[in-house]
1. What is the spread of the Cα atoms of the chain along each of their three principal axes, largest first, in whole Å?
2. Can you classify the range 102-232 as rounded, prolate or oblate using the Cα gyration tensor, where a ≥ b ≥ c are the square roots of its eigenvalues, rounded means a/c under 1.5, and otherwise it's prolate if a/b beats b/c and oblate if not?
3. Expressed as a whole number of Å, what is the distance separating the alpha-carbon centroids of the range 31-74 and the range 433-453?
4. Taking every DSSP beta bridge with both residues inside the chain, roughly what % is antiparallel (nearest 5)?
5. In nm, to one decimal, how far is the A103 label point from the T82 one, both placed 7 Å along Cα→Cβ?
6. Return the sequence-ordered ³J(HN,Hα) values of the range 44-58 in whole Hz as given by the Karplus equation 6.51 cos²θ - 1.76 cosθ + 1.60 applied to θ = phi - 60°, using x for Gly and Pro.
7. Between beta-carbons, use under 13 Å as the cut-off and find the net charge around K525, counting Lys and Arg +1, Asp and Glu -1.
8. Residues with amide H under 5 Å of Y274's amide H, sequence separation 5 or more or different chain, H placed in the peptide plane at 1.01 Å from N; which?
Amino acid sequence: MRNGLKPELIERVLGGKPKYTLHELEEKFPPRDLPEGAFVTRFAPSPTGFMHIGGLYQVLINSKLAQQSGGVFMLRIEDTDTKREVADAVKIIIDSLSKFGLAYNNDEKYGPYFQSQRRDIYHSVVADLLARGLAYPCFLTADEMEDIRNRQTAAGFPTGIYGEFARDRDLTDEDIIAHLDKGEVPSIRLYSTGNPAQRIFCKDAVRGSISFPENNEDLVLIKSNDGLPTYHFAHLCDDHFMHTTHVVRGAEWLSSLPLHYQLFRMMGWAPPLYIHTSTLDTIDAESGKQRKLSKRHDPESNVANLLADGWPTNAVLEYLFNIIASGYEEAKLKGAVKSIWDYEFKPKKIPMSGALFDMKKLEWWAKENIAQMPVDTLVKNVIDWAQNYADSVRKDQVADVQYLRNVLSIERDNPKRIRKDFITWRQTLEEVAYFWDNLFQPNREFEFNADVLNAFLSTFDINDDKDSWWNKIVAIAVNAGVKNGDVAMNLRVALTGRTNTPDLYSIMQVMGKDRVIERVKGALK
Ligand code: GLU
């Protein structure tokens, strides 16, 4: 510990009087009124203009932990890196959460939820550390720090501002005033008393207790260029005053855990329970090796692409959920649970090392999802997708809602035998494109049997029920000396251009008399 700074000097160092005392902050943000055992969680993205699937995975864990414990899930925007700010970035995050139906509850009382608007809070807390000699103003310039780094590298020392390299660690008040008088603006650094030869025990909900060497780096708490906090310090203040009980964050933060424990200890605050999630991985097409899903190489890593391709959001969530709660799939198949929201999972089960995000597996969840969906929901989803993401061709397909509904209703009436060939909204419209005359592609390879098609035209009545219709097909087959299936295949290809389709009778009913006749005549040409 060093000598604490007097209030006047703290005010000069911070460029203003701290707005609150710690006591006032505690009163401003009282404990939450929640049932015993309720989790308070948050998703705390930095607005980079991109929502990674790994981010959605974390949102899901957070929101599920809060939901199943009767707690609160918040969204906090970590916008303290003003250099990296991107337009619309926050909108992208909020829109993604809303599209996936993942609601957050930002109770005004604990806000604001943009870190850039919480400066008063950070300055008030850092003032307390300055007063207690646990933090100090540091006037090192970028060049000076570069110089220190070079010296450390040359001598084979760990880099960073610590111990003897922390030039301003023990500046006297007079030294500090002299710097300030020259107009220099300091950063505020932690006055670390950690000793790397000793170990600190930290807890991770999945990994259990882990020991690390103590931190001896005088890390920056408040930056000099904009007076905003670093992640480490902001998360300390925010997760304390927002009463976060569980911090779910990427495993890249695991190595900062000793520092974070140190900070909480210095403040006399209980740290939250940390859950460090692993990366979502893929199998690299070239090397065949498992690696992290990358923004650059894997389009599926971008949530925006999944939405644009029309993946059912619920399927994405169920698949992600099954990664953290591996018993979910079985419970769902057995009918023991209806959705992820009624399956309770244990944080301990979250995978510790890279979990595979496999598009084939996602396809399975998507097919199952669409198969279980009431047709009206299916129609609505397809229309919503087309209106937001599709080109004019696909938009035309959803213009006549009744026709679309009829098309999508085929083979959905028997709950035990619902078709499973729809995967995404885009692919669904492609799959049924032959129902639209401008998209229908006549089959030029198939050798039609003209006698069969003519016989069909002469007896066809759209009002026939399924049995009469089939009896006519059988009669045509007998007359022509071919199999029933051959007659059906001639009709199938004539009507759809394809050799494999759902139920032919239903297709004709949906297409209607004129379209059926026209297509069969077309095949005869
Ligand atoms: N803004 C940090 C990140 O995006 C958040 C980490 C956390 O959740 O605490 O990695």
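Just so you know, all these numbers are worked out from the coordinates, no wet-lab data involved. No experiment lies behind these values; they were computed from the predicted model shown. Here the Cβ is made from the backbone with ideal geometry for all residues, glycine too, and neighbour counts use every protein chain on show.
1. 110, 48, 39
2. Details: a/c = 1.99, a/b = 1.17, b/c = 1.70.
Oblate.
3. Centre-to-centre distance over Cα atoms comes out at 53 Å.
4. Working: 18 of 32 bridges.
Here the antiparallel bridges make up roughly 55 percent for the chain.
5. Output for this residue pair reads 3.6 nm.
6. 10, x, 8, x, 9, x, 8, 10, 7, 4, x, x, 5, 4, 5
7. Working: positive: R444, R519, K521; negative: E518.
Taking every Cβ under 13 Å from that of K525, the sum is +2.
8. Excluding prolines and chain starts, which carry no amide H, the hits are A205, V247.
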